[in-house]
Each structure stands twice: as C-alpha cells, then as structure tokens.
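Trainee: Have a look at this one.
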Amino acid sequence: MKGDRFKTAHIVTTAVFAVCILAFFALLIFLPKHEGELSSLEFRTLAVNPFKASGETLARQLVRGELSANVDTYLEDHFPARSFFIAVNSYTSRLAGRNAVQSVVQGRNGRLYDAALEIDRDKIGSNLARIESFAEELDVSAEIVIVPNAAVCVEDELPLLHPVYRDAEAIAFAAEHGKLKVYDLPAVYKRAVGAGEAESMASLFYRTDHHWTMEGAYVCYRTLCDAVVASPRDKGDFTVESYDFYGSFYRKAGLWLTKPDTLEVWRNDALDNASVTIGAGDTAVKHIGVYDEAQLAEGEIDRYAAYLYSNNGLTVIENEYGNGEAVMLIKDSYGNSIAPLLVCDYSTVIMIDTRYYSSSLPDPSEVARQYGVSRLIVVFGTESMVTESWLGYLR
C-alpha cells in the first residue's frame, strides 16, 4: 500500500510538472510578443526573433557561436510573466541575504546603491593627463568635479553589511596628483547641508538612480560660481516642475515595489528659449529649449534623458541672456543636469561627451577656438574617471 501511494504521488508530481512545462511552452509560443519594443521596466529593447534574420546572417551567427546566445536572449525576454519572476528572484535573493543583485545594493528607506568600484590609479592618472594636456593646449582655466557614489555621502541609509566604497580615495588621489583644481564634492555637500543650503545629504542623490538630483547639481553649480567670483542664480529665479521618476537601479534590480523618485525640471526664460544644436555640419539637429519635452510626457521611461536631449558627442547651447562668454563642459551623463544651470550664466555652453564622440565631428579644440571658450569644466562620475577610455578625442 505504501509503495502504491509513493507511485501515485510520483505520477502526479511528474504529470503536474509536465503540464506546467507544456503550459509555459504554449504561452511562449502563442502569447503576443513585443519584439523590438522598449521594456517599460528595464529600459532596454526586447530581443527580436533571431530566425527572422537572413540566411546569410544566420549562417554567420552560427559560425561565430552567436546564434545560441541570441536564441537564449529571445526566450528570456519573452518568457511568460517575466517581470514577475524577475521580482521574485530579486526579493528572495535579498531575503536569503544576497543583498547585491544585478550589481545593485539595497539600503534603507527604499534607497538603492551602485556596486563599489575598484580604484585604478593608473587610469585616473592617464585621464588627468589627457584633461590637463587639453586645457594647456587651449590655454584656459580648468577645474574638475568628480561625483561620488551616493554611498559616500548618504551613509546613514546603507545596509548594515555593505561593500567598501572608495570614491573619496579616488577624488583625493586626483586632487593630490593632478595639476588642476579637483573639488572635494563630499566635503562641499557636507558644508552645504550644515549651512542649511541643502535639505539633507539624501536630497542630493536619487534613491533609484546613480545620478545627483537637481539640488545636488545646484550645490555644485554654486561652488563653481564661487571659483570665478560670479553670482550664482538663486533657486527663486526658477520655476520648478516635478515628475515621478524611476532610475537605472530600479530597472536593473527588479525591485518593482520601490517607490518612485521625484525628478525636477528647473525653468526660466533663458532655458526655455536657448538654442540647442546637437552634432555639427549637415547632420546637426537644432532644438529650442534645454529640455526634451517628449521625455517628460506621461508614460515615458527615462525622464533623466530630458536634460539636454540625453547624451550626445557634441552639443552647443546658446543663450542670448548670457554674459558674452563661452564655457566647455567635458562630461558624462552627470553633466546633463548641471548644464542648464551654467546656461543661465554663459552665452555659450559647449558640451563634449567623449563616450559618444566620433571622427565625423570636429576636434573639441577646434570647436573651443570657434566659440572663444574661456573656461573648461570637467564633470564626471567616479566610474568615468576610473574607467573612461575615450578621452583620446580631447585633441
């Protein structure tokens, strides 16, 4: 009798398992696919059926060993209830004590942190040398802002067990070994909070994204203005609009229950009427206003991309209300949100993002001389300073 019960249970278990496999297989085949569409949760394009490619392409992928990987990606992207299972994996991993999922660390109060970086001093040194050489070639004043991981500033919301963040070490190394002024941004932020110029350290960084908030960018902007004895714009000079925002950590970690951030857009006449030219020559694209209004629309995913139309190799912003001078901003994506503040002061702000630069664009030095650049500002996140390999375009 006991053997019969065991046999029956074994048959039932096998049958249930087979039914589940067949059900998921059927769903995978017959459910509508969203090939090539942008995932609203993960902010990436979902894979297209690899077998829709031409025979020549399929043969090439097969020879290179790429076809099986493409098939796996396609099946993963269109697996039934994929978002649900991603969330289950993320939350169960944390319950099991594995805090870092997809290189994202979950802290207190719904705050998410990036993984800690290895500090490559040689890379920092070579990047500093590139920047210094470029500033010397232009014969202009120059300074560097390295934006640290939020974990360096918002320490009270870190989990009890967390990786060691060495961003402050990278900033100190750059300040000690470089020829240019390097701002100690954690110290700047600490003074601003202590003086009541910022609400708190937590208000200077997003909870679900690696970037600084507009308040974080504004504190840095005021410091940059102090360096040239300029009068920074007051917060009261702007009209502020707020939008719900889910950042890169949210999309990467799969923690779909996390509350949204608030992304701010600061407006005034200078910013709404500024001329923005992306690219150069016949392929240049021109806009009016420093914000991509389409990215702020309801349902849009990456609202941070509204700042200066996201990342582009060369962007020239001209403002008729400015001081008659031109500044060049060498930046990664952190620079996109501080650039509007600089636009309020300067007649011309030239943004150079070497990650997206190409040989079809004029050399940055040529652009600088064309517009008569008098100041060079570098704004990089720590990751760019310790990994950036494209600064060779600074010539």
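Trainee: Mind checking which pairs have a first residue in region 168-190 that is open to solvent by 20 Å² or more (accessible area, probe 1.4 Å) and a second that is of a type in the set (Lys, Arg) and in a helix (DSSP H, G or I), Cβ under 7 Å, 6 or more apart or different chains?
Mentor: Phe173/Arg121
Trainee: Looking at Leu224, Leu185, can you tell me which residue is modelled with pLDDT of 95 or more and of a type in the set (A, V, I, L, M, F, W, C)?
Mentor: Among Leu224, Leu185, only Leu185 is modelled with pLDDT of 95 or more and of a type in the set (A, V, I, L, M, F, W, C).
Trainee: I want to confirm something. Restricting to region 353-369 and keeping residues that are among the hydrophobic types (A, V, I, L, M, F, W, C) and assigned to a helix (DSSP H, G or I), which single residue is surrounded by the most Cβ atoms within 10 Å (Cβ to Cβ)?
Mentor: Among those that are among the hydrophobic types (A, V, I, L, M, F, W, C) and assigned to a helix (DSSP H, G or I), it is Ala368.
Trainee: Please specify each residue of region 212-261 satisfying the condition of being over 26 Å from Val349 (Cα atoms), surrounded by fewer than 21 Cβ atoms within 10 Å (Cβ to Cβ) and among the acidic types (Asp, Glu).
Mentor: Across region 212-261, the qualifying residue is only Asp244.
Trainee: Condition test on Glu300, is it in a loop (DSSP other than H, G, I, E, B) and without any contact (Cβ under 8 Å) to a residue 12 or more places away in the chain?
Mentor: yes
Trainee: Can you pull out the residues in region 279-302 that are open to solvent by less than 20 Å² (accessible area, probe 1.4 Å) and of a type outside the set (Gly, Ala, Ser)?
Mentor: Correct list: Val290, Tyr291, Leu296.
Trainee: Give region 262-278 a look and list any residue that's touching a Ser or Thr at 6+ places or on another chain (Cβ under 6 Å), β-branched (Val, Ile, Thr) and open to solvent by less than 40 Å² (accessible area, probe 1.4 Å), or say none. Spell out how you get there, then give the answer.
Mentor: Just the residues of region 262-278 that are touching a Ser or Thr at 6+ places or on another chain (Cβ under 6 Å), to begin with: 262, 264, 267, 278.
Those left that are additionally β-branched (Val, Ile, Thr): 262, 278.
Within region 262-278, just Ile278 meets the criteria.
Trainee: Next question, about the same structure. Out of region 199-211, which residues are surrounded by 21 or more Cβ atoms within 10 Å (Cβ to Cβ) and without any contact (Cβ under 8 Å) to a residue 60 or more places away in the chain?
Mentor: Selection gives Leu204, Phe205, Tyr206.
Trainee: So, of the residues in region 314-332 that are assigned to a loop (DSSP other than H, G, I, E, B) and either modelled with pLDDT of 95 or more or touching a strand residue (DSSP E or B) at 6+ places or on another chain (Cβ under 6 Å) (or both), which turns out to be most open to solvent (accessible area, probe 1.4 Å)?
Mentor: Checked region 314-332; the qualifying residue most open to solvent (accessible area, probe 1.4 Å) is Glu325.
The values are calculated or read from the model by the stated rules, or taken from the named source; none is laboratory data. Values in this document were obtained by computation on a predicted structure and should not be read as measured data. Ideal geometry is used to build each Cβ from the backbone, glycine not excepted, and the neighbour counts take in all protein chains shown. What goes into the accessible areas is simple: the full protein's heavy atoms, side chains included, and nothing from ligands, DNA or RNA. Shrake-Rupley method; radii C 1.70, N 1.55, O 1.52, S 1.80 Å.
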